[in-house]
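The values are calculated or read from the model by the stated rules, or taken from the named source; none is laboratory data. The structure displayed is predicted, hence computed values, not measured ones. All Cβ positions, even for glycine, are placed from backbone atoms using ideal geometry, and neighbour counts span all protein chains on display.
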Ligand code: ATR
């Protein structure tokens, strides 16, 4: 029998994970099965434990279960702890280990695929939710000259700042960004999912080299449109992040790092 993995979430019907991991397995000659499970709000934990009992070796976790997966684990990486969320689990030696590869996937996409290293760059991240929590450690390790987190609800940004005191990390209200410019701006809010735009003062994007929208497959979101109007050279959505976080999980489970370029190309949907 092949080694078994699965993604669990609710709803799960639009997930690309089985396709991505299937392509990785094929390209790296790994024999594995990767399925998709519709999570139950009442029975998520029981479903995960059952999958493990049935011989499963690992799972990807997607909304709305990342926090519950983190809590279910008995071992947690530093990244997962800061994110307070797991997007991948490994079942090994009687333990459930939680990882969070969303942030490192985003960083790899920006640095390796889009060719924009964060080192010595001014980086602005919009939002202070789970996605941003996952990205903070990898981003700071990449040594930007400064990393600014802007959020409407300052209590959330403050909570983040209190957990991770770092000389290059700053939090800001949107209004206070007036007159500042950044090299790389990442929209990690959920605003685009409902066609909204974070209240970014004009001019903030005027010197940006890259505007990155975390949402995948939403086309030219209001944020990307604003970036295009501001003349930002490079616009990207989250397809590369999606594939890179999957590659991290694959390497963690299988000990083999898959090639990502062809998979990203296959999943890319033109922005317009
Ligand atoms: P995720 O886990 O995907 O990061 P989340 O934890 O629900 O999602 O957080 C959503 C983020 O999007 C928050 O930072 C939220 O800002 P507030 O904390 O100020 O509410 C942000 N967000 C959602 N809609 C927004 C909008 N229209 N403009 C700006 N920020 C928005």
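Structure summary
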| item | result |
| --- | --- |
| Pairs with Cβ under 7 Å, 6+ apart, first in region 130-157 and in contact (Cβ under 8 Å) with a residue 60 or more places away in the chain, second in a loop (DSSP other than H, G, I, E, B) and surrounded by 15 or more Cβ atoms within 10 Å (Cβ to Cβ) | 130/85; 131/188; 131/214 |
| Of the criteria (1) over 19 Å from residue 134 (Cβ atoms); (2) touching a strand residue (DSSP E or B) at 6+ places or on another chain (Cβ under 7 Å); (3) surrounded by 21 or more Cβ atoms within 10 Å (Cβ to Cβ); (4) touching a residue at least 60 places away in the same chain (Cβ under 8 Å), which one residue 34 fails | (4) |
| Residue list for region 223-248, filter: in contact with a strand residue (DSSP E or B) (Cβ under 6 Å, 6 or more places away or on another chain), closer than 21 Å to residue 19 by Cβ and assigned to a loop (DSSP other than H, G, I, E, B) | 237 |
| Residue in region 137-152 that is within 16 Å of the ligand (Cβ to nearest atom), buried (at least 17 other Cβ atoms within 10 Å of the Cβ) and more than 19 Å from residue 223 (Cβ to Cβ) present | yes |
| Yes/no for residue 173 being modelled with pLDDT of 95 or more and either in the same structural domain as residue 2 (by the TED database) or more than 16 Å from the ligand (Cβ to nearest atom) (or both) | no |
| Single condition residue 220 does not satisfy, out of (1) in a loop (DSSP other than H, G, I, E, B); (2) farther than 30 Å from residue 99 by Cβ; (3) without any contact (Cβ under 8 Å) to a residue 60 or more places away in the chain; (4) within 16 Å of the ligand (Cβ to nearest atom) | (4) |
| Failed condition for residue 209, given (1) within 13 Å of the ligand (Cβ to nearest atom); (2) in contact (Cβ under 8 Å) with a residue 60 or more places away in the chain; (3) surrounded by fewer than 23 Cβ atoms within 10 Å (Cβ to Cβ) | (1) |
| Residue within region 46-62 that is within 16 Å of the ligand (Cβ to nearest atom), in contact with a helix residue (DSSP H, G or I) (Cβ under 7 Å, 6 or more places away or on another chain) and in contact (Cβ under 8 Å) with a residue 12 or more places away in the chain present | yes |
| Output for region 177-195, where each listed residue is within 14 Å of the ligand (Cβ to nearest atom) and over 20 Å from the mean Cα position of the chain (by Cα) | 177 |
| Pairs where the first residue, in region 1-17, is assigned by the TED database to the domain that holds residue 49 and buried (at least 21 other Cβ atoms within 10 Å of the Cβ) and the second is assigned to a loop (DSSP other than H, G, I, E, B) and modelled with pLDDT of 95 or more, C-beta under 7 Å, 6+ apart | 7/15; 7/62; 8/39; 8/65; 9/15; 9/39; 9/62; 9/65 |
| Failed condition for residue 198, given (1) near the ligand (Cβ under 9 Å from one of its atoms); (2) without any contact (Cβ under 8 Å) to a residue 24 or more places away in the chain; (3) assigned to a loop (DSSP other than H, G, I, E, B) | (2) |
